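The values are calculated or read from the model by the stated rules, or taken from the named source; none is laboratory data. These numbers were taken from a predicted model, which means no experiment stands behind them. Note: ideal-geometry Cβ built from the backbone for every residue, glycine included; neighbour counts use all protein chains shown.
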């Protein structure tokens with residue numbers, strides 16, 4: 001039985017390459033049950049590569065990824081069945097399908113029709129606008145609504161852990177606030193464990209339990225979010241604060 005404080009996700013000495021380019025080098029991190037853990041860093045630091053590798057979208061060269069004590073499979077559909085679901089950068093909804101059809105695709109691994117309907121009700125409760133527009137074509141939604149749809153689609157698989165890749169990317173400031181509020185609600189109200197990759201370092205460090213700083217594929221700093229928020233190195237590099 002999972003208990004708060006248990007090590008949920010463990011990434012051990014992970015190396016990932018794109019052709020001859022080393023994207024990640026010896027990355028170690030862990031996420032405990034019930035935490036929000038963030039990964040921050042500049043463009044090209046390897047943040048999205050890290051999430052894609054955990055999710056089984058990208059293969060790793062060396063290292064190990066364990067979830068709930070077992071090595072994660074290397075195929076993305078198998079990772080979803082283990083309870084780890086990725087919300088990709090850029091949302092990547094199916095623009096020509098309706099909101100409901102997009103959501104139902106997220107439940108492809110579920111065979112119990114009753115549970116699927118319960119999941120759909122939970123998503124609609126979390127995002128009422130999706131219930132209102134369930135017949136609307138996904139591509140006609142605003143950017144913020146598409147992000148809600150992408151998160152809702154991931155929740156349809158009933159994940160134990162959610163991987164969020166740049167959820168605020170390209171959104172207006174007011175919508176960014178709503179997205180971060182949603183992350184907090186998912187964690188606090190449902191106990192969902194979350195690994196969050198974000199360029200909005202200030203807001204991310206305010207809401208996360210712990211964070212890692214990734215630079216050119218390597219973890220260079222880690223610690224509680226509040227401590228990193230006030231770390232002069234993080235402030236100078238990612239928060240625009242001069243020493």
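Could we say that residue 54 is within 12 Å of the chain's Cα centre (by Cα), modelled with pLDDT of 95 or more and under 18 Å from residue 214 (Cα atoms) here?
Values: within 12 Å of the chain's Cα centre (by Cα): yes; modelled with pLDDT of 95 or more: yes; under 18 Å from residue 214 (Cα atoms): yes.
So residue 54 passes the test.
Name the single residue, out of those in segment 128-138 being touching a helix residue (DSSP H, G or I) at 6+ places or on another chain (Cβ under 7 Å) and not in a loop (DSSP other than H, G, I, E, B), that is farthest from residue 104 (Cα to Cα).
Filtering first and then ranking leaves 129.
Among 34, 56, 41, which is within 16 Å of residue 159 (Cα to Cα), touching a helix residue (DSSP H, G or I) at 6+ places or on another chain (Cβ under 6 Å) and in contact (Cβ under 8 Å) with a residue 12 or more places away in the chain? Give the steps one after another, and end with the answer.
Working: 34 fails: touching a helix residue (DSSP H, G or I) at 6+ places or on another chain (Cβ under 6 Å); 41 fails: within 16 Å of residue 159 (Cα to Cα).
Only one candidate passes the filter, namely 56.
Given the conditions (1) closer than 17 Å to residue 163 by Cβ; (2) without any contact (Cβ under 8 Å) to a residue 40 or more places away in the chain, and given that residue 89 satisfies all but one, which numbered condition is not satisfied?
(2)
In segment 64-81, how many residues are surrounded by 13 or more Cβ atoms within 10 Å (Cβ to Cβ), touching a residue at least 40 places away in the same chain (Cβ under 8 Å) and more than 23 Å from residue 166 (Cβ to Cβ)?
2
Any idea which of 141, 162 is in contact with a helix residue (DSSP H, G or I) (Cβ under 9 Å, 6 or more places away or on another chain), modelled with pLDDT under 95 and closer than 23 Å to residue 93 by Cβ? Can you show your working first?
Values: 162 fails: modelled with pLDDT under 95.
Among 141, 162, only 141 is in contact with a helix residue (DSSP H, G or I) (Cβ under 9 Å, 6 or more places away or on another chain), modelled with pLDDT under 95 and closer than 23 Å to residue 93 by Cβ.
Return the residue satisfying two criteria in turn: it lies in segment 102-114 and is under 23 Å from the mean Cα position of the chain (by Cα) and either surrounded by fewer than 16 Cβ atoms within 10 Å (Cβ to Cβ) or farther than 22 Å from residue 79 by Cα (or both), and of such residues it is modelled with the lowest pLDDT. First the steps, then the outcome.
First, pick out the residues of segment 102-114 that are under 23 Å from the mean Cα position of the chain (by Cα): 102-110.
Still in the running and either surrounded by fewer than 16 Cβ atoms within 10 Å (Cβ to Cβ) or farther than 22 Å from residue 79 by Cα (or both): 105, 108-109.
On the way: 105: 92, 108: 81, 109: 73.
The extreme case among them is 109.
Confirm whether residue 9 is closer than 23 Å to residue 154 by Cα, surrounded by 21 or more Cβ atoms within 10 Å (Cβ to Cβ), in contact (Cβ under 8 Å) with a residue 40 or more places away in the chain and in contact with a helix residue (DSSP H, G or I) (Cβ under 8 Å, 6 or more places away or on another chain).
Working: closer than 23 Å to residue 154 by Cα: yes; surrounded by 21 or more Cβ atoms within 10 Å (Cβ to Cβ): yes; in contact (Cβ under 8 Å) with a residue 40 or more places away in the chain: yes; in contact with a helix residue (DSSP H, G or I) (Cβ under 8 Å, 6 or more places away or on another chain): yes.
Yes, satisfied.
Consider residue 24 carefully, then state whether it is crowded, with 21+ Cβ neighbours inside 10 Å, farther than 16 Å from residue 192 by Cβ and over 17 Å from the mean Cα position of the chain (by Cα). Quick ask: steps written out before the conclusion?
Working: crowded, with 21+ Cβ neighbours inside 10 Å: yes; farther than 16 Å from residue 192 by Cβ: yes; over 17 Å from the mean Cα position of the chain (by Cα): yes.
It is true that residue 24 is crowded, with 21+ Cβ neighbours inside 10 Å, farther than 16 Å from residue 192 by Cβ and over 17 Å from the mean Cα position of the chain (by Cα).
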